[in-house]
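Undergrad: Mind looking over this structure? Questions follow.
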Amino acid sequence: MKYNPALDGLRAVAAFAVIAYHCKLPMAWGGSYGVDVFFVLSGFLITSIIVQAQRANGSFDFAGFLGKRIVRLVPALFAMLLVVMAVQQIFLGHTEYRGAAYSAAYLMDYVAATGFAEKTFGHTWSLAVEMKFYLFWPFVAVWLAGKRDRAAVLILAAVFMALWGWRVADMLMFEDTTRTYFRFDDRLTGLVLGALISFVDWRPGRALVIGCAIALAVQLSINSSVTVAMILGVTIVEVTTAVLILHLLAEQSAISRTLSARPMVYLGTISYGIYLWQSPWELALHDYFDPLPLAIVVSIASVAAAALSWHYLERPLTQWWRARPAATAA
């Protein structure tokens, strides 16, 4: 799959939207939707990689794919967990062992859905959602690779609507926002929609793109109840993100040039680390700063930690994995 730097820029936007939300910046009440932007991007990229490899080679290396995901994601998560637990133990005399264990096992989505109060590592629920997706989706994507694009789109559209209906029904029947917000099965829609657009050749016009960019910006800035977010807000963000991705694949524009700027691309490249570290930093510093300076300090600290993680842990391990004799395009 051809690399598109603007998609990394979009990752950066998502990461800093989450920071703004956690730091309670005014006009960033919807910043938590940044995780939904991540989900759509992940669904699109992973499905594109798998389908292209399957169609080109007639086979797909499932073990190699999963190994690459593990090498890319798990060490950085474990490093964050160990550092934060050590700091907590030294300065506070205690640490969140249970939360760290749930995070390390990629179970925080369902654990958080039970109401388990975990502040330090609670943000890893979205990583748990994505890891579960990585475990089963390659088999689905390989199956879809054998279908015509139009058939794959229709199948995934039906799955998307069914999953959306399930989330709405779950919210309305149980009236438990915590139960619905965090669970893997309730947050699959963005990943599936991202997968769907990997089979789409259509590219949106500029008027639609501008409208979607405005709608996405509005959703990232407004405050709404979790019920409204789960029924409508998440879907708006997913659809507008999907349209923006299709646009970024098509042509150069003011949006794509902005997202492709070198600082945006770099921040997008290390956005996984930024997301990992922003929540511990915010929890450590929120008593000492007002929202705006807090957001600035947390952003700087998270970028610094993510840069160290990327240059000295994530990138070396990824390069080692690719250099193995058995390495594949997966």
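The values are calculated or read from the model by the stated rules, or taken from the named source; none is laboratory data. None of the values given here were measured: they were computed from a predicted structure. Reconstructed Cβ throughout: ideal geometry from the backbone, glycine too, with neighbour counts over all protein chains shown. To get the accessible areas, we keep the full protein, side chains included, count just its heavy atoms, and leave off ligands, DNA and RNA. Shrake-Rupley method; radii C 1.70, N 1.55, O 1.52, S 1.80 Å.
Undergrad: When you scan the range 199-219, how many residues do you find that are among the aromatic types (F, W, Y) and surrounded by 15 or more Cβ atoms within 10 Å (Cβ to Cβ)? Talk me through it step by step, then tell me what you get.
TA: We begin by selecting, within the range 199-219, every residue among the aromatic types (F, W, Y); these are 199, 202.
This time we only want the ones that are surrounded by 15 or more Cβ atoms within 10 Å (Cβ to Cβ), so: 199.
Total satisfying the criteria: 1.
Undergrad: Please go through the range 170-192 and pick out each residue that is more than 20 Å from E130 (Cα to Cα) and either open to solvent by less than 10 Å² (accessible area, probe 1.4 Å) or modelled with pLDDT of 95 or more (or both).
TA: Within the range 170-192, D170, M171 meet the criteria.
Undergrad: Further question on the same structure: Looking only at residues in the range 193-210 that are in a helix (DSSP H, G or I) and modelled with pLDDT of 95 or more, which one is farthest from V129 (Cα to Cα)?
TA: Top of the filtered list is I197.
Undergrad: Checking the conditions here, which among A195, A152 is in contact with a Leu (Cβ under 7 Å, 6 or more places away or on another chain), under 22 Å from Y272 (Cα atoms) and open to solvent by less than 50 Å² (accessible area, probe 1.4 Å)?
TA: Every option except A195 fails the conditions.
Undergrad: Okay, next question. Looking at (1) open to solvent by less than 30 Å² (accessible area, probe 1.4 Å); (2) over 28 Å from S224 (Cβ atoms), can you tell me which one F136 breaks?
TA: (1)
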